[in-house]
1. Does any residue in region 86-97 that is under 14 Å from V14 (Cβ atoms) come within less than 8 Å, Cβ to Cβ, of a residue that is open to solvent by 70 Å² or more (accessible area, probe 1.4 Å) and at pLDDT below 85 six or more places away or on a different chain, and which pairs are these?
2. Sort through P67, P52, P84 and tell me the only one that's within 13 Å of the chain's Cα centre (by Cα) and of a type outside the set (A, V, I, L, M, F, W, C).
3. Name the pairs whose Cβ atoms lie under 7 Å apart, with the first residue in region 48-67 and closer than 13 Å to V29 by Cα, the second surrounded by 14 or more Cβ atoms within 10 Å (Cβ to Cβ) and of a type in the set (K, R), and 6 or more positions between them or separate chains?
Amino acid sequence: MTKPFKYLVRGLIVNVGILFTASLYLLVVIALSYKGRCGVFWVFGGDGRPCPFFEYMRHEVALIFLPILVGLWWLILPAFALIPGIGYLIGRHRNSN
């Protein structure tokens, strides 16, 4: 594999690592906030209803990830294209020397 593509692949691996780490962090934070109840919005208060852990996780993940993806996709895509692009340019620069 030529140097530019080697650095491009490294940039893609960094992107996957960033996504994995951020997602894992959010999932752990959501899991630690489980108190046995669903349907409680922090804006409205209330007691909610009893629910199993996986139902709670599904609702909370949808509540957090969907607005991020829908509202910030225009920032996320260029940011994740930037790292492999920089890696490719570094590989081209090192290949030309």
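1. Y88/F5; G91/T2; G91/K3; G91/F5
2. On the way: P52 fails: within 13 Å of the chain's Cα centre (by Cα); P84 fails: within 13 Å of the chain's Cα centre (by Cα).
Answer to the selection: P67.
3. From residues that are closer than 13 Å to V29 by Cα, there are no pairs.
The values are calculated or read from the model by the stated rules, or taken from the named source; none is laboratory data. A quick note: this is a predicted structure, and the numbers were derived from the prediction, not measured. Don't worry about glycine lacking a Cβ; one is built from the backbone with ideal geometry, like all the others, and counts go over all protein chains shown. Only protein heavy atoms, including side chains, enter the accessible area calculation; ligands, DNA and RNA are left aside. Shrake-Rupley method; radii C 1.70, N 1.55, O 1.52, S 1.80 Å.
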